[in-house]
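Chemist: Let me give you the structure first, and then I'll get to my questions.
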Amino acid sequence: MQQCLIDIFKSLSWDYKTNNPCMFGKRIIIAPLLDVWRSGWVRFSSDGHTKIDDLARPFYVLDGRNVPDYRVSDGAKLDAFFSENQFNGKVFECDYFSVRYYKKGSAHITFKRPELVEKINNLVASHYPGMLPPRV
């Protein structure tokens, strides 16, 4: 579980203001979540599916719940949501975060459970000692 968290943390692009290089905040931006072709064709990427599942897995574990099978995981639900809704402005909601995706392929993920984000930050801090800033 910790390794998938570290992989997500390291893959975040620090080009976005909301992505803090020291910890997970209220919101992060993941890119690319969608595959975008020059012809205008867009699909939910298998890599995006994996990123969403990797991000959700620690939330399930820290919340004491079973991690769902990949066929019914949050990534699979987001894939089905995207197929049905495309770019109609709706936001995908799951138990631990909401996802708003954009035509350029990126997605804004807003966390719903700050106490679990705090625990996740502690896991990141245990892997990278001295990474998190001191609490104020």
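Chemist: Quick one: would you say Gly48 is out of contact with any helix residue (DSSP H, G or I) (no Cβ under 7 Å at 6 or more places or on another chain) and on the phi > 0 side of the Ramachandran plot? Quick ask: steps written out before the conclusion?
Modeler: Details: out of contact with any helix residue (DSSP H, G or I) (no Cβ under 7 Å at 6 or more places or on another chain): yes; on the phi > 0 side of the Ramachandran plot: no.
No; evaluated as a whole, the condition is false for this residue.
Chemist: If you don't mind, there's one more thing I want to ask. Restricting the search to the range 51-70, which residues are among the hydroxyl-bearing types (Ser, Thr, Tyr) and touching a helix residue (DSSP H, G or I) at 6+ places or on another chain (Cβ under 7 Å)?
Modeler: First, pick out the residues of the range 51-70 that are among the hydroxyl-bearing types (Ser, Thr, Tyr): 60, 70.
Correct list: Tyr70 only.
Chemist: From the set of residues in the range 115-136 that are among the hydrophobic types (A, V, I, L, M, F, W, C) and surrounded by 13 or more Cβ atoms within 10 Å (Cβ to Cβ), which is modelled with the lowest pLDDT?
Modeler: Let us first name the residues in the range 115-136 that are among the hydrophobic types (A, V, I, L, M, F, W, C), namely 116-117, 120, 123-125, 131-132, 136.
Narrowing further to those that are surrounded by 13 or more Cβ atoms within 10 Å (Cβ to Cβ): 116-117, 120, 123-125, 131-132.
Working: Leu116: 95, Val117: 94, Ile120: 88, Leu123: 83, Val124: 80, Ala125: 80, Met131: 59, Leu132: 56.
Across the range 115-136, the extreme among qualifying residues is Leu132.
Chemist: Hey, could you check the range 22-59 for residues that are part of a helix (DSSP H, G or I) and acidic (Asp, Glu) and say which is nearest to Asp7 (Cα to Cα)?
Modeler: Looking only at the range 22-59, we keep the residues that are part of a helix (DSSP H, G or I), and these are 46-59.
Checking which are acidic (Asp, Glu) leaves us with 47, 53-54.
Values: Asp47: 13, Asp53: 12, Asp54: 9 Å.
Here the answer is Asp54.
Chemist: Right, here's the next one. For the range 83-108, give me the residue count where each residue is modelled with pLDDT of 95 or more, among the hydrophobic types (A, V, I, L, M, F, W, C) and closer than 18 Å to Asp54 by Cβ.
Modeler: 4
Chemist: Tally up the residues in the range 7-30 that are in contact with a helix residue (DSSP H, G or I) (Cβ under 9 Å, 6 or more places away or on another chain), at pLDDT below 75 and surrounded by 15 or more Cβ atoms within 10 Å (Cβ to Cβ), please.
Modeler: Of the residues in the range 7-30, 2 are in contact with a helix residue (DSSP H, G or I) (Cβ under 9 Å, 6 or more places away or on another chain), at pLDDT below 75 and surrounded by 15 or more Cβ atoms within 10 Å (Cβ to Cβ).
Chemist: Hey, could you check the range 38-52 for residues that are of a type outside the set (Gly, Ala, Ser) and loosely packed, with under 10 Cβ neighbours inside 10 Å and say which is modelled with the lowest pLDDT? Spell out how you get there, then give the answer.
Modeler: Going through the range 38-52, the residues of a type outside the set (Gly, Ala, Ser) turn out to be 38, 41-44, 47, 49-52.
From the residues that got through so far, the ones that are loosely packed, with under 10 Cβ neighbours inside 10 Å too are 38, 41.
Values: Arg38: 85, Trp41: 82.
Only one residue fits best here, namely Trp41.
Chemist: Please count how many residues of the range 78-132 are within 21 Å of Gln3 (Cα to Cα) and in contact with a Cys (Cβ under 8 Å, 6 or more places away or on another chain).
Modeler: So the answer is 2.
Chemist: For the range 60-70, how many residues meet the condition of being in a helix (DSSP H, G or I) and either closer than 18 Å to Asn85 by Cβ or in contact with a Lys or Arg (Cβ under 6 Å, 6 or more places away or on another chain) (or both)?
Modeler: As a first pass, look at the range 60-70 and keep what is in a helix (DSSP H, G or I): 60-62, 70.
Applying the additional criterion that residues be either closer than 18 Å to Asn85 by Cβ or in contact with a Lys or Arg (Cβ under 6 Å, 6 or more places away or on another chain) (or both) yields 62.
Going through the range 60-70 one residue at a time, the tally reaches 1.
Chemist: Any residue that is loosely packed, with under 12 Cβ neighbours inside 10 Å, in a helix (DSSP H, G or I) and in contact (Cβ under 8 Å) with a residue 40 or more places away in the chain - is there at least one of those in the range 106-114?
Modeler: So in the range 106-114, the residues loosely packed, with under 12 Cβ neighbours inside 10 Å come out as 114.
With in a helix (DSSP H, G or I) added as a condition, the list becomes 114.
So of that shortlist, the ones also in contact (Cβ under 8 Å) with a residue 40 or more places away in the chain come out as 114.
Yes, there is a match, as at least one residue in the range 106-114 is loosely packed, with under 12 Cβ neighbours inside 10 Å, in a helix (DSSP H, G or I) and in contact (Cβ under 8 Å) with a residue 40 or more places away in the chain.
Chemist: Ala80 - would you say it is surrounded by 11 or more Cβ atoms within 10 Å (Cβ to Cβ), free of Cβ contacts under 8 Å to residues at least 24 places away in the same chain and not in a loop (DSSP other than H, G, I, E, B)? Quick ask: steps written out before the conclusion?
Modeler: Values: surrounded by 11 or more Cβ atoms within 10 Å (Cβ to Cβ): yes; free of Cβ contacts under 8 Å to residues at least 24 places away in the same chain: yes; not in a loop (DSSP other than H, G, I, E, B): yes.
Taking the combined requirement at face value, the residue satisfies it.
The values are calculated or read from the model by the stated rules, or taken from the named source; none is laboratory data. Treat the numbers as computed from the prediction; the structure is a model and nothing was measured. Neighbour counts run over all protein chains shown; Cβ positions are idealised from the backbone, glycine included.
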